[in-house]
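One structure is given below, encoded as structure tokens.
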Amino acid sequence: MPNIVLKPYPNPSTYRKIAANAWDHPFDPHVYGSLEIRSEKLEAWIQKKREDTGEKVTVGTAVARALAMIIKKHRSLNSLVRFGNLYQREDIDIFVQVVVEDAQSIGKADLSGVKIKNADRLDVAAIGKVIRERAAKIRAGQDEEFNNTKNSLAAMPGFIIYYLLRFLDFLQYTLNINPKFLGTPGDPFGSAMVTNVGVFGLTVGYAPFFPQARTPIIITLGTIEEKPIVEDGKITIGRVLHVNGTFDHRVVDGYHAGVVARECRVLLENPERLDDIEG
């Protein structure tokens, strides 16, 4: 008699095949935290940026910009673990996740994303442009990198994906060898990730680390909602953005996470500071 009655998952997406083989059983140093940020100034600033630049500036692009600024100021956050030791990255690249929807089945909806190279050197309009152009290509099936990955893994058995992912992880991070000669992009995720679950109506959500990313910070954005807030000793209604974080405790401890939260609040509640490219 089986312990659990099971049947094969029907028509899994490429992402789900990768995910099923990327993670082992939980044995990870995850630390989680959430932050509520007043968003009235941020929303007005975003709207003005859209009007001034004609670019699709969003809360996600603003957060990606803020995160890049914080990592630039605190270089110890821009680290990964290899051979049991910490190594700091030189570049600050922020990965923003993109959903490739499937109208017929939620189980076949793929996840991809855009790595914004040297995000600390870009303003929000430039970040928004990179995301918009790359996301459009991915969703239109015109992104060569995404298509190559999807096509090469679509028919591959799960046990082969399991060993392939671990080989690529060992090659590019443990040995620090660029895997482009294998047709695989090197360091595809960068310094930190930003993803938005608020578009799905969720207020709080925490993303897991992708083991083959070596990324110590993931910021997950929830919805913006109106809620009662105490202001100058009085209760008022304010608009609040929910910012949730997953941190790798090997790189980011409680003190670091507190610094990230404090400086993220300052930047997003005073969004004009995001214009400081030198900051």
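The values are calculated or read from the model by the stated rules, or taken from the named source; none is laboratory data. If you're wondering where the values come from, they're calculated on a predicted model, not measured in any experiment. With ideal geometry, Cβ positions are generated from the backbone for all residues, glycine too; neighbour counts draw on all protein chains shown.
Examine region 154-161 for a residue that is part of a loop (DSSP other than H, G, I, E, B) and either hydroxyl-bearing (Ser, Thr, Tyr) or surrounded by 13 or more Cβ atoms within 10 Å (Cβ to Cβ) (or both), and state whether such a residue exists.
In the first step, residues of region 154-161 are kept if they are part of a loop (DSSP other than H, G, I, E, B); the result is 155-157.
Filter again for either hydroxyl-bearing (Ser, Thr, Tyr) or surrounded by 13 or more Cβ atoms within 10 Å (Cβ to Cβ) (or both), leaving 156.
Taking every residue of region 154-161 in turn, at least one turns out to be part of a loop (DSSP other than H, G, I, E, B) and either hydroxyl-bearing (Ser, Thr, Tyr) or surrounded by 13 or more Cβ atoms within 10 Å (Cβ to Cβ) (or both).
Taking region 35-86, which residues are outside any helix (DSSP H, G or I), under 19 Å from the mean Cα position of the chain (by Cα), within 19 Å of Leu221 (Cβ to Cβ) and not aliphatic (A, V, I, L, M)?
Of everything in region 35-86, those that are outside any helix (DSSP H, G or I), under 19 Å from the mean Cα position of the chain (by Cα), within 19 Å of Leu221 (Cβ to Cβ) and not aliphatic (A, V, I, L, M) turn out to be Glu36, Lys56, Thr58.
Hey, any hits in region 141-152 for a residue that's of a type in the set (A, V, I, L, M, F, W, C) and either part of a loop (DSSP other than H, G, I, E, B) or at pLDDT 85 or above (or both)?
Within region 141-152, the first condition is being of a type in the set (A, V, I, L, M, F, W, C), and the residues that meet it are 146.
If we keep only those that are either part of a loop (DSSP other than H, G, I, E, B) or at pLDDT 85 or above (or both) too, we end up with none.
Among the residues of region 141-152, not one is of a type in the set (A, V, I, L, M, F, W, C) and either part of a loop (DSSP other than H, G, I, E, B) or at pLDDT 85 or above (or both), which makes the answer no.
Just give me the residues in region 167-183 being surrounded by fewer than 16 Cβ atoms within 10 Å (Cβ to Cβ) and on the phi < 0 side of the Ramachandran plot, in sequence order.
Listed by number, the residues that qualify are Phe167, Phe170, Thr174, Leu175, Ile177, Asn178, Lys180, Phe181, Leu182.
For region 166-181, enumerate the residues that are touching a residue at least 12 places away in the same chain (Cβ under 8 Å) and hydrophobic (A, V, I, L, M, F, W, C).
If the condition is that a residue be touching a residue at least 12 places away in the same chain (Cβ under 8 Å) and hydrophobic (A, V, I, L, M, F, W, C), then Leu168 is the only one that fits.
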